[in-house]
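The values are calculated or read from the model by the stated rules, or taken from the named source; none is laboratory data. On a predicted model such as this, the values are computed, not experimentally measured, just so you know. Glycine gets a Cβ as well: all are built from the backbone with ideal geometry, and neighbour counts include every protein chain shown.
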Amino acid sequence: DTEVTQTPKHLVMGMTNKKSLKCEQHMGHRAMYWYKQKAKKPPELMFVYSYEKLSINESVPSRFSPECPNSSLLNLHLHALQPEDSALYLCASSQDRQGANTGELFFGEGSRLTVL
Amino acid sequence: EDKVVQSPLSLVVHEGDTVTLNCSYEVTNFRSLLWYKQEKKAPTFLFMLTSSGIEKKSGRLSSILDKKELFSILNITATQTGDSAVYLCAVLGGPLVFGKGTRLSVIA
């Protein structure tokens, strides 16, 4: 079982809805990540939080809004999404930011998002 | 721009076969190379390689890194149907960069 927990596992939303994806880890990790993965493609980095501060935003549209309320939690707020945003959204954590350690990420099982 | 290329993109083998998956990379400030296995959902960590020529082994899986030629291989011996998955190679320079993966199908 993964030690990174994501909820919900599945989400279907319309283009006018506002929803949030949640991620939680209790490994004491200080870096947390959001990745987006489309079918048959590798994960693509969206955001990196390090010590609860946003350190990397990979030019993600503003309809995706991350939030890190504390060192154990990471949210991704969704608003006015498009059908092409449908994907598996993976949360991951690591001991500290990838640039400072050797990059061992622990992934959650993902939230599969469908935008109608 | 950092780049990771995996080959083959897909592979079908019979149970008991041995397979070799390849990963080549171009990255500035190389720190480590990682292998992940992804079945239906989350990628699961297999190996992290930082030094050339030192084989990492876990059961039937093993991996080695060549930092001079900029590649790594992942070997799986005596394959089983449970090995069917996408195997992702990722390289850490700046942010982690993933290859497109090799989809391995093991048939009984």
Specify which of the listed residues (A:74, A:81) is part of a loop (DSSP other than H, G, I, E, B) and buried (at least 21 other Cβ atoms within 10 Å of the Cβ). A:81
Residues (within 11 Å of another protein chain (Cβ to nearest Cβ) and modelled with pLDDT of 85 or more) located in the range A:90-104: A:90, A:91, A:92, A:94
Check the range B:38-56 and report whether any residue there is away from every other protein chain (no Cβ under 12 Å), in a strand (DSSP E or B) and within 26 Å of residue A:4 (Cβ to Cβ). yes
Mind checking which residues of the range A:2-58 are free of Cβ contacts under 8 Å to residues at least 24 places away in the same chain, part of a strand (DSSP E or B) and over 10 Å from the mean Cα position of the chain (by Cα)? A:44, A:53, A:54, A:56, A:57
Can you pull out the residues in the range B:74-101 that are farther than 11 Å from residue B:34 by Cα, surrounded by 15 or more Cβ atoms within 10 Å (Cβ to Cβ) and away from chain A (no Cβ under 11 Å)? B:75, B:76, B:79, B:83, B:84, B:85
Only one residue in B:39, B:15 is under 14 Å from residue B:88 (Cβ atoms) and over 12 Å from the mean Cα position of the chain (by Cα), so which one is that? B:39
